[in-house]
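Single-structure report; data block below.
Here, each number is a calculation from the coordinates, and none is a lab measurement. Given the structure is predicted, the values throughout are model-derived calculations rather than measurements. So basically every Cβ, Gly included, is an ideal-geometry build from the backbone, and we count neighbours across all protein chains shown.
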Amino acid sequence: MVQPNFSTSKKDTGDGEGSSATAALDVFLDNQHQSYFEELYKSEAVCLCILRLLPPVHRHIVLHYLWSHQGVSAIDLKLLIQQPEDLSLELIQDVLKPLHDRKILGGMTYSQNKMRWSMNDSGTSNSFGVPYQPDDEEDVPGVDELIEYGEETWESILKYMVSSGLANGLVTIRPRQQVLQLLYSSGLMADNADLSGERPNLERLTITSKGFQFLLEDRQTQVWEILMYYLTLRENREHNTAPILSLFFSLGTMQLGHAYSASASFASQAQQAVLSDLEQYGFILRRQKSSDDGSRADAFYPTHLATSLCSGDLAGQLGGAEGEEKRFLILETNYKIYAYTSNELEIAILNLFVDIRIRYPNLVVGKLDRKHVKAAMEKGISAAQIIAYLGSHAHSQMYLSPPPILHPTIVDQLHLWDKERNRLKADDAEMFEFFSKELYDDTETEAKRYDGLLLAVPSAKLLFVDPAIKEPLRDYVKGQQRQLRGE
Amino acid sequence: MTTPSASFPRSTPPSLLILILDIHPLSWSLLSSIEPPDPLDSPPPIAPAEHHYLLARAPIGPITLPDFLNVLLVFLNSHLASRWGNRVVVFAASAGKSKLLYPTAGGYDGEEGPKERPNVYSPFGMLDQGLERGLKDMIAEEETRMDDQDGEGLNDPPAIVSAMTKALCYINRHSPPPSSESTAPTNETRILVINATPGAGSNSSDNSSSTKSGGGGMRGGYVGLMNCVFAAQKAKIPIDVLTLPPASTGTEAPIFLQQASHLTEGVYWRWNGRGGLLQYLHTIYLAPPALRQTPFSQPPQDAVDFRAVCFCHHDVVDVGFVCSVCLSIFCKPLPVCQMCK
């Protein structure tokens with residue numbers, strides 16, 4: 001029997017961090033044209049964020065050439081990154097691919113100026129946010145309050161999603177209409193009663209398998225995914241999304257706990273609308289005006305969700321305690337899980353694939369078993385996602401034992417459970433039926449040569465082949481028949 | 001054939017850059033009055049490589065502290081820009097005194113803090129303004145100190161050792177060496193010394209100043225420097241050194257700083273006086289240690305002068321006599337070690 005090999009998938013879950021958090025953004029940017037980037041690079045904040053989202057080596061290549069008066073020459077570059085001088089131009093192009101994708105090279109002069117400006121503060125686009133001087137009597141939120149507000153708002157959306165998929169739902173507040181609209185249009189939630197998909201009732205949405213997968217992502221990935229769904233939604237309505245994306249990046253360069261002026265930082269009407277939308281996801285905190293007419297104060301405070309957009313590492317920003325809070329799982333080799341948490345959302349997510357046995361005020365004890373894991377897989381959650389979730393939330397105690405963090409037994413078992421579901425595989429096939437053993441053998445060899453043999457049944461002299469090779473194989477059989485008949 | 005980018009690291013840890021800036025007034029007055037060498041004296045350039053052509057033709061010229069600061073601020077901003085979570089700490093070393101310039105220790109007394117400007121990324125703004133203010137304060141302090149002492153102490157060497165000790169303490173306090181239990185990714189730390197003071201000539205004609213400024217500009221600081229170096233070596237903190245006085249001024253290289261960077265696997269480089277400092281800083285000193293060997297290249301390190309300083313006269317010695325008990329170095333054999341008796 002062939003031993004299953006999960007080494008590749010393990011690797012994926014192991015070092016997937018870093019670049020993957022902004023995968024949604026990367027896909028979006030990869031599909032944009034030069035003109036879109038030109039629009040985008042008008043803002044210095046965007047230049048800075050895009051620079052930071054590049055791989056580290058490429059970041060330094062850009063910084064190296066930033067102040068150079070000459071263009072980038074292949075010879076210099078080869079010397080810089082210690083490559084042999086006879087390296088082909090294609091390979092050099094390949095090395096520079098991330099830079100070409102972001103249109104940093106080629107049309108460099110433009111973004112170069114902007115990046116230079118962002119380094120020595122001579123820009124004019126106000127892209128880092130115009131600070132707001134709060135009055136003395138104004139209630140300025142502290143950093144803790146901002147983090148709490150951001151977490152609460154964001155988690156209430158996730159909680160709403162997860163509770164729609166559970167029989168005994170949590171007590172949740174239904175998010176605003178726009179949020180529901182986004183959840184629906186992104187496919188994270190769907191209205192099961194509305195089969196035609198034309199007139200969904202936003203009040204009885206249930207979570208989809210895509211939604212379940214979304215729940216297991218880490219926070220940074222979730223945030224970018226939602227933002228990109230938002231962007232595509234806006235794209236369908238209006239044409240130019242560049243100012244919106246540049247607003248995201250501007251938020252990403254703002255500082256936690258500082259006040260910014262909404263009207264001065266983001267002048268256009270569209271950007272104002274986006275800002276008030278983002279408020280509903282907990283990206284910014286904006287107080288109501290004291291005059292009670294429902295309008296919003298000009299000052300806004302970005303929360304940690306916004307300020308860490310371009311950081312690539314959310315836990316770091318939250319500080320040690322908060323980061324520690326994210327790591328609460330102890331997984332034993334006997335499949336028992338101890339979760340030191342009282343967070344409703346975390347428990348609800350765990351409940352998706354863990355059989356929860358005991359609940360104490362700050363501890364949940366459960367067990368990973370076949371039934372629950374397979375139920376989760378039915379919902380569309382893959383083994384790799386469960387493993388990634390368990391790994392990223394592993395308690396610091398788990399790091400004391402030698403790596404890997406999760407015991408291979410459990411990781412392999414999860415993969416096996418996943419494989420179990422895929423034991424049957426449906427393929428389109430063409431069947432050949434033969435009368436002579438000789439012809440059957442020849443055709444089987446021929447089909448193997450085409451690499452299209454799906455199944456051979458020698459006892460019944462049946463061959464099942466890929467439809468793609470049906471034509472050549474039939475010609476071959478006909479030729480063989482003619483030969484056998486001696487023609 | 002695999003592409004070279006496959007071997008590039010996917011991510012690097014956040015890095016803390018500790019900058020030690022030599023602001024010794026005498027050294028900078030020397031630097032700002034560098035004269036182009038007599039063209040007849042200098043040997044003709046020997047067939048420069050093509051891409052070094054422009055470089056070799058750039059004239060040797062002076063640099064002033066304000067000019068250099070402009071360049072330095074851009075370099076520090078680049079460091080902050082290159083990764084989220086990168087930090088910068090700046091110490092200044094003047095004649096016999098060192099001080100933490102940034103981050104500002106006790107906040108801004110009385111006056112309002114750094115003003116945020118809408119076109120500056122706020123960490124850049126804080127660094128620029130904080131450093132500028134810190135430097136101005138320190139220079140004012142130094143001026144009054146010098147006036148009070150009638151210029152005495154002006155000939156003291158820059159307190160690089162004191163700054164380096166403070167830097168190591170800072171690192172130890174803010175990013176302690178990883179314990180086996182900690183799970184957080186360890187930060188990279190490195191020290192960059194920008195040295196404006198030439199090493200005193202070890203030639204015998206310069207003997208009077210040699211005793212004054214101590215061998216290699218490190219009077220009494222030799223032991224301190226070496227202790228710092230070994231501490232940094234143990235903590236795996238590279239000490240990078242940029243020496244500003246170009247060779248054309250006829251001054252010696254600061255051999256002990258060169259030893260320091262050699263022992264801690266840092267980069268030592270001496271400016272050639274031909275401008276281009278911004279590009280040099282970016283090329284040589286910007287890449288974090290994780291990227292230094294691969295894929296980026298480092299300038300070739302010159303042969304390191306490994307001579308030591310004797311403990312009795314603070315002279316640089318070619319042949320020394322070492323106490324077998326305490327390993328002190330002396331320039332002549334002594335029956336009883338002065339250090340450990």
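Multiplying the residue separation of A:K419 and A:D101 by 0.36 nm and subtracting their alpha-carbon distance yields 110.8 nm.
Ranking A:Y476, A:L462, A:S436 by Cα position along the charge dipole of region A:430-484, where only Lys, Arg, Asp and Glu carry charges on their C-beta atoms, puts A:S436 farthest toward the positive end. Shape of region A:430-484 from the C-alpha gyration tensor: oblate (a/c of 1.5 or more and a/b not above b/c, with a ≥ b ≥ c the square roots of its eigenvalues).
Once the Cα-Cα distance is subtracted from the 0.36 nm per residue extended length, the A:A273 to A:S185 segment shows a gain of 29.8 nm. Please label the shape of region A:327-422 as rounded, prolate or oblate, based on the square roots a ≥ b ≥ c of the eigenvalues of the alpha-carbon gyration tensor (a/c under 1.5 means rounded; beyond that, a/b larger than b/c means prolate, else oblate). Since a/c reaches 1.5 but b/c is at least a/b, the shape of region A:327-422 is classed as oblate. Placing a label point 7 Å from the Cα of A:R485 along the Cα-to-Cβ direction, the residues of region A:413-448 whose backbone N falls under 15 Å of that point are A:435-436. Selection among A:P402, A:S392, A:Q413 by position relative to the dipole of region A:388-431 gives A:P402 as farthest towards the positive end (Cβ unit charges, Cα centre).
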